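The values are calculated or read from the model by the stated rules, or taken from the named source; none is laboratory data. Keep in mind that this is a model prediction, so the values were computed, not measured. All Cβ positions, glycine included, derive from the backbone under ideal geometry; neighbour counts span all protein chains shown. What goes into the accessible areas is simple: the full protein's heavy atoms, side chains included, and nothing from ligands, DNA or RNA. Shrake-Rupley method; radii C 1.70, N 1.55, O 1.52, S 1.80 Å.
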Amino acid sequence: MFLSEEKQMPVDVRLARLEDAPILDQVLADSFFDEPVNAYFFPDTDRRKAATKIGMGYALREMYLPKDGAWTTGDLDGVAMWNKPGDPKPSVLRQLRGLPTMARAFRGRLPKALAAFGAADKLRPIEPHWHLDIVGVSPDRQGLGIGSALVKVGLDEADRAGVPAFLVTSDAPNVPFYEHLGFAVTEEFDIGPVHGWAMLRTPQPE
């Protein structure tokens, strides 16, 4: 997803709630449709949107809403999912319960997807940090400052705690967007034919 910010506007950001999930599922499916890793895993475009909606909808409901790690806007036109320092790791039982859903989304590509997720996770810093896992904005609402507002809510919390923020992206145009927010590339990597960037932002003084 390309997070262009061309026109700034006031954005009302709040924690996402379970009743928001059906709309946010579609926001994620639409915004990540052309994301390079997504296109690699799901070359069939009809299959891609359905699989993205299933997989990211599962992550939203099972991994982020329960721990207050998902933020959205008043208009539900974007969502950001953050891992925070001290968040508990998913239990083995929860991971096992999620396998049928993930298998339904990825089908025969599930082993490759799990390997890619694991490789990206190994790039995370050892020290406590805020991790921006997913951020998506409805395509017709991109370029209005919504993406920046959703990212900044986590950056402000990281700054208050005095800890870094971390993310990975496979969209080359997103690298300067995140650099504008204070991130710097720390490592480059490949998932199959897709190139990616790991980026870190040190805490900023108030």
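Some values worked out for this structure:
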{"quantity": "Share of carbon and sulfur in the accessible heavy-atom surface of the stretch 153-200 [1.4 Å probe, %]", "calculated": "51 percent"}
{"quantity": "HN-Hα J in Hz across the stretch 136-149 - Karplus 6.51, -1.76, 1.60, θ = phi - 60°, x for Gly and Pro", "calculated": "x, 10, 3, x, 7, 10, 6, x, 10, x, 5, x, 4, 5"}
{"quantity": "Accessible-area composition of the stretch 16-89, carbon plus sulfur, in percent [1.4 Å probe]", "calculated": "55 percent"}
{"quantity": "Around T72: net Lys/Arg minus Asp/Glu count, Cβ-Cβ under 10 Å", "calculated": "-2"}
{"quantity": "Set of aspartates and glutamates with alpha-carbon distance to K122 below 20 Å, sequence-local pairs under 8 removed", "calculated": "D87, D133, D171, E187, E188, D190"}
{"quantity": "Tensor-based shape of the stretch 162-201 (alpha-carbon gyration tensor, a/c under 1.5 rounded, otherwise prolate or oblate)", "calculated": "oblate"}
{"quantity": "13 Å beta-carbon shell around S138, net charge (K/R +1, D/E -1)", "calculated": "-4"}
{"quantity": "Three-way shape call for the stretch 122-206 based on the alpha-carbon gyration tensor, with the a/c threshold at 1.5", "calculated": "oblate"}
{"quantity": "Residue-wise HN-Hα coupling along the stretch 178-184, computed from phi with Karplus coefficients 6.51, -1.76, 1.60 (Hz; x: Gly, Pro)", "calculated": "6, 4, 4, 8, x, 7, 9"}
{"quantity": "Selection from P164, G145, P125 lying farthest towards where the dipole of the stretch 116-191 points positive, charges on Cβ", "calculated": "G145"}
